[in-house]
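**Q** This structure is in structure tokens; I'll ask about it shortly.
The values are calculated or read from the model by the stated rules, or taken from the named source; none is laboratory data. Computed from a predicted structure; not experimentally measured. Every residue, glycine among them, receives a Cβ derived from its backbone with ideal geometry; neighbour counts consider all protein chains shown.
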Amino acid sequence: MAERIRRQGPLSFDDWMEAALYDSEGGFFTRAAGAGRSGGDFITSVEVGSLFGTLVARAADDWWDQLGQPDPFLVIDAGAGRGQLARDVLRAEPRCAAALRYVLVERSGGLRAVQSEHLPLESAELVLGPAVPPEPDDEPVAVPGTGPMVTALEGLPAGPAIGVVFANELVDNLPFRIVERTAEGWNEIRVGEVGASFAEVALPADESLAVRADRLADGIAIPAGSRIPVPTALPEWLRSAAAMLRRGVVAIVDYAAPVEELAARGQAGWLRTYRAQQRGSSPLDHPGSQDITADVPIEALRRAAAAAGLSVLTETTQAEWLRSLGVDALVEEARVAWHGRSANDLAALTARSRVHEADALLDPGGLGAHRVTILGKKL
Ligand SMILES: C[S@@+](CC[C@H](N)C(=O)[O-])C[C@H]1O[C@@H](n2cnc3c(N)ncnc32)[C@H](O)[C@@H]1O
């Protein structure tokens, strides 16, 4: 990074983040770090336990119904990490299973290797491809009723497909730039080198970044000196997700907040780092050793969705979304099972764990406050 800065001048924060998280050798995710209990650096809803996956399986069934029960039905698990969500969804045996083609999409080769240890992965050609021509000269068609089939890829498949793109805590990890309001317009906060350390450098934002920042801040009074993140990779990622769907849903679960709130909180309130399940240090420290993430500006998500041809179907908190999928009844069942059994019975322990998982997933001061944005294409 120091060498790059010496050659090119101070780096934009999205370039810094791209290298710190995804560099082919030293990137934080490339080195197979990430979400998880043992040796992981942070806990996501997926890693809390199997309850989240059980409810995502229900959501998949609802979307399958809304789409007219297509077969094949593609579910893309975007930013799939170690593959835990895939395991939990498949274990829940959704109604759509026989039609289900489950595709884990994960940039990190290290994490894809972990997925292959725990999942019955098949070749992408088999899972995505229409397999047999009904007659020798006919176009090949997918064989119905052959699911569930599972595969793993580095990037989104080409499509077109009917199905769902589900992204839990992915978009907060897509690179963004940082701008600061000035009396005249916007400065961009870049990363330079001062002596032997990396340091922030404020430079006037170029025209295209200033236009993006103006759009994000449209109609909002942002005081001079306030900073906001400008997602730069999100629009392209959403465009690709939408482009691969002939018809379907893009569901984004992540921490997000309105621009006005982010500006008021200040950078320390929306830019975070994680290492070994603790908050890390400055994002400029030891690139590659910690996760770098930010609350996603809700306005940026809506704007990128509209530009990708997706309409907003619902916007809720995670707690509201999980309740709409029936989490309360599942917890009540677990509570009854827990109290009806002896304390060290395995079923009682499983039931007790489910109650505690629900507490974490619904926590209004934590995972329960995540935003769930459901976007539709031709739906
Ligand atoms: C915070 S982790 C979330 C993992 C998992 N979804 C969970 O909830 O536990 C984000 C993951 O997204 C992956 N990722 C980031 N950008 C990606 C992209 N453009 N395509 C696929 N995976 C990506 C990272 O490598 C990382 O494994």
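**Q** If you go through the stretch 238-255 one residue at a time, do you hit one that is over 30 Å from Gln69 (Cβ atoms) and of a type in the set (A, V, I, L, M)?
**A** no
**Q** Right, something else. Please pick out the residue among Leu119, Leu203, Leu128 that is touching a Ser or Thr at 6+ places or on another chain (Cβ under 8 Å) and either at negative phi or polar (S, T, N, Q) (or both). Steps first, please.
**A** Details: Leu119 fails: touching a Ser or Thr at 6+ places or on another chain (Cβ under 8 Å); Leu203 fails: touching a Ser or Thr at 6+ places or on another chain (Cβ under 8 Å).
That would be Leu128, the only listed residue that is touching a Ser or Thr at 6+ places or on another chain (Cβ under 8 Å) and either at negative phi or polar (S, T, N, Q) (or both).
**Q** Can you say whether Leu55 is within 14 Å of the ligand (Cβ to nearest atom) and modelled with pLDDT of 95 or more, as far as the supplied structure shows? Spell out how you get there, then give the answer.
**A** Values: within 14 Å of the ligand (Cβ to nearest atom): yes; modelled with pLDDT of 95 or more: yes.
Considered against the rule, which asks whether it is within 14 Å of the ligand (Cβ to nearest atom) and modelled with pLDDT of 95 or more, Leu55 comes out as yes.
**Q** Does at least one position in the stretch 45-61 carry a residue that is part of a loop (DSSP other than H, G, I, E, B) and of a type in the set (D, E, K, R)? Give the steps one after another, and end with the answer.
**A** Filtering the stretch 45-61 down to residues part of a loop (DSSP other than H, G, I, E, B) leaves 49-50.
Checking which are of a type in the set (D, E, K, R) leaves us with none.
Checked against the condition, which is being part of a loop (DSSP other than H, G, I, E, B) and of a type in the set (D, E, K, R), the stretch 45-61 yields no hits at all.
**Q** Can you tell me which of Arg91, Arg112 is closer than 24 Å to Gly147 by Cβ, free of Cβ contacts under 8 Å to residues at least 60 places away in the same chain, over 14 Å from the mean Cα position of the chain (by Cα) and surrounded by 20 or more Cβ atoms within 10 Å (Cβ to Cβ)? Spell out how you get there, then give the answer.
**A** Values: Arg91 fails: surrounded by 20 or more Cβ atoms within 10 Å (Cβ to Cβ).
Going through Arg91, Arg112 in turn, just one is closer than 24 Å to Gly147 by Cβ, free of Cβ contacts under 8 Å to residues at least 60 places away in the same chain, over 14 Å from the mean Cα position of the chain (by Cα) and surrounded by 20 or more Cβ atoms within 10 Å (Cβ to Cβ): Arg112.
**Q** Considering the stretch 94-107 alone, what residues qualify as being under 15 Å from the mean Cα position of the chain (by Cα) and buried (at least 24 other Cβ atoms within 10 Å of the Cβ)? Give the steps one after another, and end with the answer.
**A** First, the residues of the stretch 94-107 that are under 15 Å from the mean Cα position of the chain (by Cα): 103-107.
Those that are under 15 Å from the mean Cα position of the chain (by Cα) and buried (at least 24 other Cβ atoms within 10 Å of the Cβ): Val103, Leu104, Glu106.
**Q** Just name the residue that is surrounded by the most Cβ atoms within 10 Å (Cβ to Cβ) out of those in the stretch 194-208 that are modelled with pLDDT of 95 or more and not aliphatic (A, V, I, L, M). First the steps, then the outcome.
**A** We begin by selecting, within the stretch 194-208, every residue modelled with pLDDT of 95 or more; these are 198-208.
Now drop any that are not not aliphatic (A, V, I, L, M), which leaves 198, 200, 204, 206-208.
Details: Phe198: 22, Glu200: 17, Pro204: 13, Asp206: 11, Glu207: 8, Ser208: 9.
Filtering first and then ranking leaves Phe198.
**Q** Is the stretch 287-300 home to any residue that is without any contact (Cβ under 8 Å) to a residue 12 or more places away in the chain and among the hydroxyl-bearing types (Ser, Thr, Tyr)?
**A** Keep residues of the stretch 287-300 that are without any contact (Cβ under 8 Å) to a residue 12 or more places away in the chain, which gives none.
So far as the stretch 287-300 goes, no, none of its residues is without any contact (Cβ under 8 Å) to a residue 12 or more places away in the chain and among the hydroxyl-bearing types (Ser, Thr, Tyr).
**Q** Scan the stretch 88-143 residue by residue and report those that are of a type in the set (Gly, Ala, Ser), within 16 Å of the ligand (Cβ to nearest atom) and assigned to a helix (DSSP H, G or I).
**A** Within the stretch 88-143, Gly109, Gly110, Ala113, Ser116, Ala124 qualify.
**Q** Which of the residues belonging to the stretch 254-274 are touching an Asp or Glu at 6+ places or on another chain (Cβ under 7 Å) and among the hydrophobic types (A, V, I, L, M, F, W, C)?
**A** Ala256, Ala257, Val259, Leu262, Trp270
**Q** Pairs, please: C-beta under 9 Å, at least 6 apart or cross-chain, first residue of a type in the set (Asp, Glu) and in the stretch 46-68, second at pLDDT 95 or above and away from the ligand (no atom under 16 Å from the Cβ)?
**A** Asp61/Pro94; Asp61/Arg95; Asp61/Cys96; Asp62/Leu325; Asp65/Arg95; Asp65/Cys96
**Q** Still on this structure, I have one more. Are any of the residues in the stretch 305-312 more than 30 Å from Gly195 (Cβ to Cβ) and of a type in the set (Val, Ile, Thr)?
**A** First, the residues of the stretch 305-312 that are more than 30 Å from Gly195 (Cβ to Cβ): 305-312.
Subset that is of a type in the set (Val, Ile, Thr): 312.
Looking through the stretch 305-312, at least one residue is more than 30 Å from Gly195 (Cβ to Cβ) and of a type in the set (Val, Ile, Thr).
**Q** If a residue counts only when it is farther than 26 Å from Val46 by Cβ, which strands (runs of 3 or more DSSP E) contained entirely in the stretch 156-271 have at least 1 such residues?
**A** Of the strands (runs of 3 or more DSSP E) lying wholly inside the stretch 156-271, those with at least 1 residues that are farther than 26 Å from Val46 by Cβ span 176-181, 186-194, 197-204, 227-231, 245-254.
**Q** Which condition breaks for Glu357 when tested against (1) under 19 Å from the mean Cα position of the chain (by Cα); (2) acidic (Asp, Glu); (3) within 16 Å of the ligand (Cβ to nearest atom)?
**A** Going through the list (1) under 19 Å from the mean Cα position of the chain (by Cα); (2) acidic (Asp, Glu); (3) within 16 Å of the ligand (Cβ to nearest atom), Glu357 breaks only (1).
**Q** Could you go through the stretch 66-78 and let me know if any residue there is within 11 Å of the ligand (Cβ to nearest atom), at pLDDT 95 or above and acidic (Asp, Glu). Quick ask: steps written out before the conclusion?
**A** Let us first name the residues in the stretch 66-78 that are within 11 Å of the ligand (Cβ to nearest atom), namely 76-78.
Keeping just the survivors that are at pLDDT 95 or above gives 76-78.
From the residues that got through so far, the ones that are acidic (Asp, Glu) too are 77.
So far as the stretch 66-78 goes, yes, one or more of its residues are within 11 Å of the ligand (Cβ to nearest atom), at pLDDT 95 or above and acidic (Asp, Glu).
**Q** Then there's this: Need pairs with beta-carbon distance below 6 Å; first residue closer than 30 Å to Arg82 by Cβ and within the stretch 134-153, second assigned to a strand (DSSP E or B) and basic (Lys, Arg); sequence gap 6+ or separate chains.
**A** Sorted first by the residue in the stretch 134-153, then by its partner, the pairs are Met149/Arg101.
**Q** Also, quick follow-up: Just give me the residues in the stretch 213-246 being without any contact (Cβ under 8 Å) to a residue 12 or more places away in the chain and under 18 Å from the mean Cα position of the chain (by Cα), in sequence order.
**A** Glu236
**Q** Only one residue in Glu193, Glu188, Glu184, Glu200 is more than 16 Å from the ligand (Cβ to nearest atom) and over 19 Å from Met17 (Cβ atoms), so which one is that? Let's see the steps before the verdict.
**A** Working: Glu193 fails: over 19 Å from Met17 (Cβ atoms); Glu188 fails: over 19 Å from Met17 (Cβ atoms); Glu200 fails: over 19 Å from Met17 (Cβ atoms).
Of Glu193, Glu188, Glu184, Glu200, the one residue that is more than 16 Å from the ligand (Cβ to nearest atom) and over 19 Å from Met17 (Cβ atoms) is Glu184.
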